[in-house]
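The values are calculated or read from the model by the stated rules, or taken from the named source; none is laboratory data. In this text, all values refer to a predicted model and were calculated from it rather than measured experimentally. Positions of Cβ are generated from backbone atoms using ideal geometry, with glycine treated the same way; all protein chains shown enter the neighbour counts. Accessible surface is based on the protein model in full, side chains and every heavy atom, while ligands, DNA and RNA are left aside. Shrake-Rupley method; radii C 1.70, N 1.55, O 1.52, S 1.80 Å.
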Amino acid sequence: MSTGRLDPAERRRALDRLTEGELDVLVIGGGVVGAGAALDAATRGLTVGLLERRDWASGTSSRSSRLAHGGLRYLEQLEFGLVHEALSERGLLLDKLAPHLVRPVPFLLPLTRGWQRPYVGAGVALYDVLSRVSRRGGALPGHRHLSRSATLNLAPGLNPEALTGAIGFFDAQIDDVRHTLALVRTAVAHGVLATSGVEVTRLLRDGDRVLGVEAADRDDDRRLTIRARRTIAAMGVWTDGISAMLQGESPRTATVQPSKGVHLVVPRDAIDLRTAVIARTPASVLFLLPWGPHWLVGTTDTPWSGDRDEPEATPDDIDYLLDQANRWLVRPLRRDDIVSTYVGLRPLLAGDGDDETTKLSREHAVGRPAPGLVTITGGKYTTYRVMAADAVDAAVAGLSGRVPPSRTSDVVLLGAENYAEVAEQRDFIAAEAGLSVPQVRRLLHRYGDLVPELLALAADNPTLLQAAHSDSWTLNVELLYAVSHEGARSLDDVLRRRTRVALQTRDRGASVADAVAGLVSPVLGWDADRAMDEVRRYQHTVAAQQIASV
């Protein structure tokens, strides 16, 4: 299998081939479910195209809580099947599909009343049981009951007056955007024609039947006609857009209710904990999650009716999260602790119109709104693979010839195949590259067994192994790799998603935008005017985001 390289030449090749002949399956949407569906269909032996309007994982799939989990709170809603399914998928990711991107993380669930211990303990025990009866492995250490003093030994930053003890358990953390990108590249390695920056403008129809799409290349406004025997719309919170195309007007009813989830990024030394924390809030749950040299503080769960491309954190959202976190912390978080914020929209299945988003279903639904067209909506990040398989199953029903069942439970993602072996060589890799072992370990958790390919770009240019920003661990070579191998097409792609410099620095990477543009311009073919436009556009976006959250 190839490395699924995504670069400008591969993008041009894919664009040309997408308009030749007829695909078996065309997938619209480059988030985790769309990428998963493209990989699923390709590994069944089908010809597949994958289109993304903006950048890979640019929507919900890069803005999650970074958890691969069963959803402990869904047990209280009696959604045992959903929790068991998600725990099974968590185990598969941990053990087989993406061990470099998914890792165990210890949690504390604080208790405030004596009666909570048996009630909450029973729920966490059931969570453990559902994990262990999974067919996928990935067994993590079992839960344990902790006294107040034992809790404070693990989490001295918690307010002793706020708790009577805690229950400790394990879940898993995932690098969401890196995982989605790995899915896309793995799909390309299996023959998928994948292009970002391509917007679907119209459905091709023969009567009621959908025969493909008309689309526009947003880079040069090239018009594309792409024919497919089956089309899958995996568009998350943008699903109603495909309904509008189908009906030729605004959809009569919404199938998805976007729910806004806001997260704060704060420095690691702002919170004195050696474990993640999950606690109840009036509306949802609070997460305090370790994330490299930072903590993630989240999340909100409120209906959203504004711009779905760039939802914003309001001052009220920020105050709410600070208030909820400070209920538990000895040293309160302040606004000036916040390095950055990010906001994602959950694609919840719409209810009857009066449901709060916290009560709407996280189950997914496959729709067949027209012959030749399948939609997939709802769900949660951890169960992307099941959602993708269900969508492809629905799409291939009735195709001539026997289409085999999904086999993605056995398809490891790029970076995973030889990860353990490469990880064992980290000391040698560090010495050869002139990096520290912790630096190489961080790279391994981002690129897996592709680290040698990444570092090869710096073999003749040691400056590429310098930090890209004084407040970030990201290396210059990662910025270059983002455009040479990972399909980044703009500074926003490079700094917000491929490397996360925008979330890890207080200026969101604006101070290094000029330098980054100079580094990536030769690969992307930018002249001086285009590079300057990119810098201005990125800095304008950063300024607008900072103003919105004040």
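For this structure, a couple of remarks:
- Residue count for the range 311-342, restricted to those that are free of Cβ contacts under 8 Å to residues at least 12 places away in the same chain and part of a helix (DSSP H, G or I): 5
- Being in a helix (DSSP H, G or I), touching a His at 6+ places or on another chain (Cβ under 7 Å) and either small (Gly, Ala, Ser) or surrounded by fewer than 16 Cβ atoms within 10 Å (Cβ to Cβ) (or both) is a property that holds for residue 121.
- Of all the listed residues (230, 274, 268, 280), the sole one being closer than 21 Å to residue 343 by Cα, in contact with a helix residue (DSSP H, G or I) (Cβ under 9 Å, 6 or more places away or on another chain) and of a type outside the set (Asp, Glu) is 280.
- Looking only at the range 210-227, and only at residues there that are open to solvent by 20 Å² or more (accessible area, probe 1.4 Å) and in a strand (DSSP E or B), the one that is farthest from residue 19 (Cα to Cα): 211
- When the range 86-111 is limited to residues that are more than 30 Å from residue 147 (Cα to Cα) and not in a helix (DSSP H, G or I), the one that is most open to solvent (accessible area, probe 1.4 Å) turns out to be 99.
- Here 393, 410 are screened, and the one residue that is under 25 Å from residue 99 (Cβ atoms), open to solvent by 20 Å² or more (accessible area, probe 1.4 Å), among the acidic types (Asp, Glu) and modelled with pLDDT of 95 or more is 410.
- Options 465, 475; residue that is in contact with a Leu (Cβ under 6 Å, 6 or more places away or on another chain) and open to solvent by 30 Å² or more (accessible area, probe 1.4 Å): 465
- Filter pass, residue 259 being small (Gly, Ala, Ser), in a strand (DSSP E or B) and either touching a residue at least 60 places away in the same chain (Cβ under 8 Å) or within 30 Å of residue 72 (Cα to Cα) (or both): yes
- Scanning the range 167-214 for residues that are among the acidic types (Asp, Glu) and more than 26 Å from the chain's Cα centre (by Cα) yields 206, 208, 214.
- Selection count, the range 228-242, where residues are within 22 Å of residue 398 (Cα to Cα) and surrounded by fewer than 23 Cβ atoms within 10 Å (Cβ to Cβ): 1
- Residue check for residue 352: open to solvent by 40 Å² or more (accessible area, probe 1.4 Å) and at pLDDT 95 or above: no
- Test for residue 195: is it surrounded by 16 or more Cβ atoms within 10 Å (Cβ to Cβ), in a strand (DSSP E or B) and hydroxyl-bearing (Ser, Thr, Tyr): yes
- Residues in the range 478-509 that are crowded, with 21+ Cβ neighbours inside 10 Å and more than 22 Å from the chain's Cα centre (by Cα): none.
- Pairs, first touching a residue at least 60 places away in the same chain (Cβ under 8 Å) and under 19 Å from residue 262 (Cα atoms) in the range 51-77, second open to solvent by less than 10 Å² (accessible area, probe 1.4 Å) and of a type in the set (S, T, N, Q), C-beta under 7 Å, six or more apart: 57/180; 61/180; 65/299; 68/382; 69/382
- In the range 445-550, counting only helices (runs of 4 or more DSSP H) that sit wholly within it, the ones holding 1 or more residues that are farther than 30 Å from residue 320 by Cβ span 451-456, 476-484, 513-524, 528-548.
- Residue under evaluation residue 25, criteria (1) in a helix (DSSP H, G or I); (2) open to solvent by less than 10 Å² (accessible area, probe 1.4 Å), criterion not met: (1)
- Residue in the range 231-244 that is among the small types (Gly, Ala, Ser), touching an Asp or Glu at 6+ places or on another chain (Cβ under 9 Å) and not in a helix (DSSP H, G or I) present: no
- Exactly one residue out of 377, 382 is hydroxyl-bearing (Ser, Thr, Tyr), buried (at least 24 other Cβ atoms within 10 Å of the Cβ) and at pLDDT 95 or above, and it is 382.
- Unmet criterion (only one of (1) polar (S, T, N, Q); (2) out of contact with any helix residue (DSSP H, G or I) (no Cβ under 7 Å at 6 or more places or on another chain); (3) more than 29 Å from residue 297 (Cα to Cα)) for residue 463: (2)
- Filter result for residue 55 (of a type outside the set (Lys, Arg), out of contact with any Gly (no Cβ under 6 Å at 6 or more places or on another chain) and part of a loop (DSSP other than H, G, I, E, B)): yes
- The set of residues in the range 391-415 that are over 12 Å from residue 41 (Cβ atoms) and in a helix (DSSP H, G or I) comprises 409, 410.
- Among the residues of this structure, residue 43 counts as one that is in contact (Cβ under 8 Å) with a residue 60 or more places away in the chain and among the polar types (S, T, N, Q).
- Enumeration of residues in the range 416-440 that are within 21 Å of the chain's Cα centre (by Cα) and either assigned to a helix (DSSP H, G or I) or closer than 19 Å to residue 50 by Cβ (or both): 419
Here is a yes/no grid of residues against (1) surrounded by fewer than 21 Cβ atoms within 10 Å (Cβ to Cβ); (2) under 30 Å from residue 224 (Cβ atoms); (3) of a type in the set (Asp, Glu); (4) modelled with pLDDT under 95:
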| position | (1), (2), (3), (4) |
| --- | --- |
| 113 | yes, no, no, yes |
| 126 | yes, no, no, yes |
| 150 | yes, no, no, no |
| 169 | no, no, no, no |
| 178 | no, yes, no, no |
| 208 | yes, yes, yes, yes |
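- For residue 259, the criteria (1) in contact with a Lys or Arg (Cβ under 7 Å, 6 or more places away or on another chain); (2) over 27 Å from residue 46 (Cα atoms); (3) open to solvent by 10 Å² or more (accessible area, probe 1.4 Å) hold in every case but one, which is (3).
- The range 59-85 - residue that is part of a loop (DSSP other than H, G, I, E, B) and at pLDDT 90 or above and, of those, most open to solvent (accessible area, probe 1.4 Å): 69
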